[in-house]
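The values are calculated or read from the model by the stated rules, or taken from the named source; none is laboratory data. Since we're looking at a predicted model, the values are computed, not measured. Don't worry about glycine lacking a Cβ; one is built from the backbone with ideal geometry, like all the others, and counts go over all protein chains shown.
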Amino acid sequence: MQKLWINAAQVVTCQGPGRARRGPEMRDAAIQSHTAVAAEHGKIIAVGPQHDLESTYSNAERVDCNGGVLTPGLVDSHTHGIFGKNRAAEQELRASGLGYMEIAKQGGGIHSSVRDLRTRSEDELFALALPRLRRLASYGTTTVELKSGYGLSLDDELKSLRVIRRLQTALPMRIVPTFLGAHEIPMEYRSAPRTRADYIALLEHEMIPRVAAEKLAVFADIFCEPGVYTLDETRRILGAARAHGLALKLHADELEPSGAAELAAELGAVSADHLAAISEPGIAALAASGTVATLLPGTMLFLGRPRQAPARALIDGGAAVAIATDFNPGTSPTVNFPLMLTLAVSQLRMTVGEALIAATINGAAALGLAAETGQIAPGYSADLALFEVEDAREIPYWYGDQRCRRSWARGDGCHG
Ligand code: NIG
Ligand code: FE
């Protein structure tokens, strides 16, 4: 069955090479007017003047965009959507002056989500995650990465990844699984008889091999940060992940600079994420590498931290920048991707074109999917989002609003 999207005021095509856009390439989101999009079997087959496509595909099912703006489906390349209860209480603790790491040291933060997730069944976690993903889709996201990382034991990490696998078949969205067993050192490995070295050995010798053997993840990620995993431990754990065929991601330089961004570049990680505390050498290392710098401005906003990632220095230095929600119960409980576009423009001082590229093709590149999704071009998956605005600049402008009216992944409806 052919489908034809017509009557869009603008089509934000993001057309260009099927790879991350770097530096000045990020400026041009290739916005077109009077343009229609045709798809067949879930793939885009033509993008061109509406008049021409209407006669070429006269039998296609019409989708009337009603004068809205059509974009590639948004690609949220960093989320922690598999968790149990919320952590709303921590927000007040932070307001009273307690830092993120101080809350973690007292057994809160990630540890409290771990305690909670361990009590829940796979069915229960699946039932909790499903409506969250539908809410993500309702804001225009059609591809989402989901991390494990609140289990921190073999069984609880496998349970989380199996929930992600079930979600992949339950929803039309494109879902990319990431193993984040190295999210923290679990509490039971912090005092005798068990040590952090024992947990790292468990990651290397049991968890990673099992996750890879069961093909439960595409990526391995780690929270490389002073007070969590050191650079040496990161090297070792990601080395094991790579040896088992997993691609690499790092939570890098989120709160303090430690050389994590440089390590991401050295290891050839697909992305280095957060980077609010990245150093000058870190910026230079990413700019000279193929690693996508994934910025998560909602996290710094929600934690009330004064410093956002230096998006301008990264882009002006020639790096490829993506943005994502970091949706998680501790530091970024939002499903609103367009709000991240607002923050990208108003806080990170990106242009609207850069923000749109960062949320689409560069997000796709951060997931190794830049040849499949993230642009509206022939051969690409029919992953689309329709916003009720007349001009693409309004997507970040109406901040916090829900303007996405419909979205599609592989041509199938995700929302609306
Ligand atoms: O990306 N920084 C590490 N991981 C998450 C937060 C996890 C949590 O606090 O539950 C993040 O911000
Ligand atoms: Fe994260």
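Couple of notes before you dig in:
- Pairs linking a residue in the range 324-335 that is farther than 20 Å from Leu93 by Cα to a residue that is more than 9 Å from ligand 2 (Cβ to nearest atom) and among the basic types (Lys, Arg), with Cβ atoms under 7 Å and 6 or more positions apart or on different chains, are Val335/Arg132; Val335/Arg135.
- Restricting the range 360-378 to residues that are aliphatic (A, V, I, L, M) and not in a loop (DSSP other than H, G, I, E, B), the residue that is surrounded by the fewest Cβ atoms within 10 Å (Cβ to Cβ): Ala365
- Residues within the range 310-333 that are among the β-branched types (Val, Ile, Thr) and within 16 Å of ligand 1 (Cβ to nearest atom), tallied: 3
- Conditions (1) within 30 Å of Ile361 (Cβ to Cβ); (2) touching a residue at least 40 places away in the same chain (Cβ under 8 Å); (3) surrounded by fewer than 24 Cβ atoms within 10 Å (Cβ to Cβ); number of the one not met by Gln168: (2)
- Single match in Leu154, Leu125, Leu167 (criterion: in the same structural domain as Gly227 (by TED's automatic domain parsing) and under 17 Å from the mean Cα position of the chain (by Cα)): Leu167
- Evaluation of Ser191 against the conditions (1) under 21 Å from Leu369 (Cα atoms); (2) away from ligand 2 (no atom under 16 Å from the Cβ) shows that the sole unmet condition is (1).
- Verdict on Glu157 being of a type outside the set (A, V, I, L, M, F, W, C), crowded, with 24+ Cβ neighbours inside 10 Å and assigned to a helix (DSSP H, G or I): yes
- Between Gly97, Gly81, Gly18, Gly68, the distinction of being surrounded by fewer than 16 Cβ atoms within 10 Å (Cβ to Cβ) and either small (Gly, Ala, Ser) or under 23 Å from the mean Cα position of the chain (by Cα) (or both) belongs to Gly97 only.
- Subset of the range 289-323 that is of a type in the set (D, E, K, R) and away from ligand 2 (no atom under 16 Å from the Cβ) - its residue that is farthest from Gly368 (Cα to Cα): Arg307
- Every listed requirement among (1) free of Cβ contacts under 8 Å to residues at least 40 places away in the same chain; (2) crowded, with 22+ Cβ neighbours inside 10 Å is met by Tyr189 save one, (2).
- Glu254 vs. criteria touching a Pro at 6+ places or on another chain (Cβ under 7 Å), buried (at least 18 other Cβ atoms within 10 Å of the Cβ), under 23 Å from Ala319 (Cα atoms) and acidic (Asp, Glu): no
- Matching entry among Gly245, Gly239, Gly259 (being more than 15 Å from ligand 2 (Cβ to nearest atom), assigned by TED's automatic domain parsing to the domain that holds Tyr189, buried (at least 16 other Cβ atoms within 10 Å of the Cβ) and at pLDDT 95 or above): Gly259
- For the range 240-259, filtered to residues that are within 15 Å of ligand 1 (Cβ to nearest atom) and closer than 25 Å to Leu216 by Cβ, the residue that is farthest from the chain's Cα centre (by Cα) is Ala252.
- Scanning the range 349-359 for residues that are among the aliphatic types (A, V, I, L, M) and surrounded by fewer than 24 Cβ atoms within 10 Å (Cβ to Cβ) turns up just one, Val352.
- In a residue-by-residue description of the range 339-351, the property of being within 16 Å of ligand 2 (Cβ to nearest atom), touching a His at 6+ places or on another chain (Cβ under 7 Å) and over 21 Å from Pro257 (Cα atoms) applies to no position.
- When the range 379-416 is filtered for residues that are in contact with a Leu (Cβ under 7 Å, 6 or more places away or on another chain), within 18 Å of Val144 (Cβ to Cβ) and surrounded by fewer than 24 Cβ atoms within 10 Å (Cβ to Cβ), only Arg406 remains.
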